[in-house]
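A quick write-up on the structure given underneath.
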Amino acid sequence: MLKIPSITFGDIEIAESTIYTFDRGIPGLRGIHRYTIIEAEETDPVKWLQACDKPYISLMMLEPAMIDPDYQIQLNDDHMKGLGNGPVEAVHMYVLVVIPDNARDMTANLLAPIVINHETRKGLQVVVEGSPELLRVKVFKD
């Protein structure tokens, strides 16, 4: 077991087998390559991408279908290589969310989803072609 002092969750213990490696890192988070996914009942459906190497980093994520049921991206050979060339059936996608003071103004980044292969334990952030408006999509429609 690995003990992580998380600012979001306090001290947590995780199994090494729950760690995902982001060989290419996540843009803006230099030197952080190992993360785990935390699912907390009190924040459901938000999941957390918790850094294992610098434990003060916890990123909030949602499944993109919650925001746009038709949201899809195409993974190319380079993406699949970054995910350890595992089966596409084991690939799962999330989008990062930001919750400002007023939670009704929560936005999601549909321009750069987090893609994880649960079988190979590899992850990456994919930057897709698209409109800059996809960077901050309102989660709650008025």
**Complete:** Dimensionless Rg/Rh of the stretch 26-85, both radii on Cα and Rh by Kirkwood, sits at 1.02
**Message:** Can you work out the Karplus-derived ³J(HN,Hα) for every residue in the stretch 91-106? Use 6.51 cos²θ - 1.76 cosθ + 1.60 with θ = phi - 60°, whole Hz, and x for glycine or proline.
**Reply:** 8, 10, 10, 9, 10, 6, 10, 10, 10, x, 3, 8, 4, 5, 9, 4
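With the contact rule set at Cα under 8 Å and sequence spacing of 6 or more, what percent relative contact order holds for the stretch 39-108?
Taking the mean separation of contacting Cα pairs over the length of the stretch 39-108, I get 25 percent.
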**Asked** Using alpha-carbon positions, what is the distance between the centroids of the stretch 33-94 and the stretch 109-137, in Å?
**Response** 8 Å
**Request:** Just tell me which lysines come within less than 28 Å, Cα to Cα, of LYS3; anything on the same chain fewer than 8 places away is out.
**Result:** LYS47, LYS54, LYS122
**Prompt:** Residue by residue through the stretch 50-57, which ³J(HN,Hα) values in whole Hz follow from phi under the Karplus form 6.51 cos²θ - 1.76 cosθ + 1.60 (θ = phi - 60°), with glycine and proline marked x?
**Reply:** 9, 5, 9, 8, 10, x, 7, 9
**Message:** Quick check: net charge around HIS33, other residues with Cβ under 15 Å of its Cβ, Lys/Arg +1 and Asp/Glu -1?
**Reply:** +3
**Prompt:** Under a 5 Å amide H to amide H cut-off, with H placed in plane at 1.01 Å, what residues pair with SER6 once short-range neighbours are removed?
**Reply:** ASP11, ILE12
**Prompt:** When the scattering of the chain is computed by the Debye formula from its Cα atoms alone, each counted once and equally, what is log10 I(q)/I(0) at q = 0.17, 0.20 Å⁻¹?
**Reply:** -0.99, -1.34
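Can you give the relative contact order of the stretch 2-138 as a percent, counting alpha carbon pairs under 8 Å and 6+ residues apart?
20 percent
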**Prompt:** Do any trypsin sites (Lys or Arg not before Pro) in the stretch 92-142 lie in a DSSP loop with no more than 16 other beta carbon atoms within 10 Å, and if so, which?
**Reply:** ARG136, LYS141
**Asked** Applying the Karplus parametrisation 6.51 cos²θ - 1.76 cosθ + 1.60 with θ = phi - 60° to the phi angles of the stretch 16-31, what ³J(HN,Hα) value in whole Hz is obtained for each residue in order, glycine and proline being reported as x?
**Response** 3, 6, 9, 8, 9, 9, 9, 4, 8, x, 10, x, x, 10, 4, x
**Prompt:** Ranked highest first by the average count of other Cβ atoms within 10 Å around their residues, in what order do 111-119, 66-74, 81-89 fall?
**Reply:** 111-119, 81-89, 66-74
**Complete:** Treating every alpha carbon of the stretch 69-142 as one equal point scatterer without solvent, the Debye formula yields log10 I(q)/I(0) values at q = 0.14, 0.15, 0.16, 0.26 Å⁻¹ of -0.49, -0.56, -0.62, -1.14
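The numbers here are math on the coordinates, done by the rules we state, and not lab data. Values in this document were obtained by computation on a predicted structure and should not be read as measured data. Glycine also receives a Cβ, built like all others from the backbone with ideal geometry; neighbour counts cover every protein chain displayed.
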